[in-house]
Every structure is written in structure tokens, then in C-alpha cells.
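Note sheet for the following structure.
The values are calculated or read from the model by the stated rules, or taken from the named source; none is laboratory data. Bear in mind that the values here come from a model prediction, so they are computed numbers and not experimental data. Here Cβ is always computed from backbone atoms with ideal geometry, including for glycine, and neighbour counts include all displayed protein chains. Only protein heavy atoms, including side chains, enter the accessible area calculation; ligands, DNA and RNA are left aside. Shrake-Rupley method; radii C 1.70, N 1.55, O 1.52, S 1.80 Å.
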Amino acid sequence: MSYLLKLISLVCLCIWLCECERSTIADESSDPYARQVAEQTAKLYSHSEHTRAGAAEALGFLRAYGAEESLIERLFDKSAYVRRQVAMALAWCGSRKAIAPLLDSLEDADAVTRQAAHVALTNLTGMEFPFNTMAPSPNRTAQITVWRNWWKTAPSDRPPAEVIELIEGWKHQPHGGSVTVSSTYRGPPEALTDGLLGPGFWQTKNVPFPQWCIIDLGQIQQISRIIIHQYGPGFVL
């Protein structure tokens, strides 16, 4: 009888686990993105450092803001390989919560992790205080102090004033050189490079597609992102 009861209990447990798994799959199947984030977040706790590192990298590519706390926890992983990938992932999907842990990572024993943390900090804050990851410890400490002192003064309810100044200065600065366009209906082609969101827009009308523009940047530059502000959905092919 004891053996039979154990067998019945085991069968019930298996049924319950299968039901839970089916329920989870059903809930997640409607949102492939959430399923991917959940899968990669779980892998952050794998016994394999390569699996943990790969999961951190994937979460960064996914811009998985919901995984931020798990990533911060793994920022102090025993594997330097994992810590590097986590720091870079936070560069993509970190928030204010990640700033203090990343500041601590500037003192990581691994030079590449320190560099990754600095990249993440510049990306999240907009500030570019110098940091030489290969410098002697006293030099790095002085540079880290500059970062920490700045962060202590940063307001908690709005972007730091320095960041706003950087944005405003860029917004009103003309970018690039000459602009060539396929045709123009309204708005001068120079509106593409004036750094302003209106009131002028480059527009075409009643002309064959494709319409195009060429912007001469004046020199070789690295472009990391392009944002297109449409005039309106009714005017876009």
C-alpha cells in the first residue's frame, strides 16, 4: 500500500508540473519577446559562465529593461567574462538603478570589465568624464572620484543640468555639410541638418518614389543611431 501511495503521489506531481508548464507556455506564447526575456534571465543563473555571459549579451540586445535587477546582481559575478557582458548589457537597458553599481565596477579587478562599466556609464548618463582603465590604481581612483562626486549632485527627479546643456547645445548646432535631395515640395533641404524638430520639414509631393537625400558629413564619422521624425503618417509611404 505504501508503494502504491507513493506511485500515486508521483503521478499527481507529474500531472501538476505538466499543467504548470502548459500554463506558463500558454501565457508566454502570446508574447514572444517576454518569453525570450524570461528564458535569458533564467540563464543568468546557470552553472556555466558561458551561458551566463551569453544570456547577459542577449538581454542587452533585447533592451530587456525588466531584467535590469538580475543583471545588476550578476554585475558581481565570480567570472570576469560574465561581468564584462553584464556591464555592456546595462549600457543598453540600464536605468538610474544601475549607475551606483556601475560606479563600483570601475574598481573591478578586471581591466576589460572596468572599461565596459565606463562605456555603460557614459551611455546612460551622457557624461564623458575621462577614465583610463589601464592607469595605475591611484590615477584611476582620482578619475572615479570625479564620477562619484558628480553623481552625488545629480538630481533624482530630472536629468542633470549638464546633460540638458549638452542636448540643447547639440540641438541648435548645424550638422554636416551640403545636402542634396531628389526633389523638394516644401521645406528647404537644409531643414534636414538644422538640428531642430520643426517648424520646417523637407517634403516632396506628387513625384515618383523613391525620393532620397544625401547629407555630406564633411568628414568620416561613426554613426551609431539614426532617428527619423516623420511629418505625419498620412504623408509617409
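In the range 29-61, what residues are in contact with a helix residue (DSSP H, G or I) (Cβ under 8 Å, 6 or more places away or on another chain), hydroxyl-bearing (Ser, Thr, Tyr) and in a helix (DSSP H, G or I)? Answer for the range 29-61, where residues must be in contact with a helix residue (DSSP H, G or I) (Cβ under 8 Å, 6 or more places away or on another chain), hydroxyl-bearing (Ser, Thr, Tyr) and in a helix (DSSP H, G or I): Ser29, Thr41, Thr51. Would you confirm whether any residue within the range 29-40 is modelled with pLDDT under 95, closer than 22 Å to Pro155 by Cα and not basic (Lys, Arg)? Among the residues of the range 29-40, not one is modelled with pLDDT under 95, closer than 22 Å to Pro155 by Cα and not basic (Lys, Arg), which makes the answer no. Screening Gly187 on (1) at pLDDT below 80; (2) within 27 Å of the chain's Cα centre (by Cα) shows it passes everything except condition (2). Residues in the range 129-167 that are farther than 21 Å from Lys97 by Cβ, assigned to a loop (DSSP other than H, G, I, E, B) and open to solvent by 50 Å² or more (accessible area, probe 1.4 Å): 4 in all.
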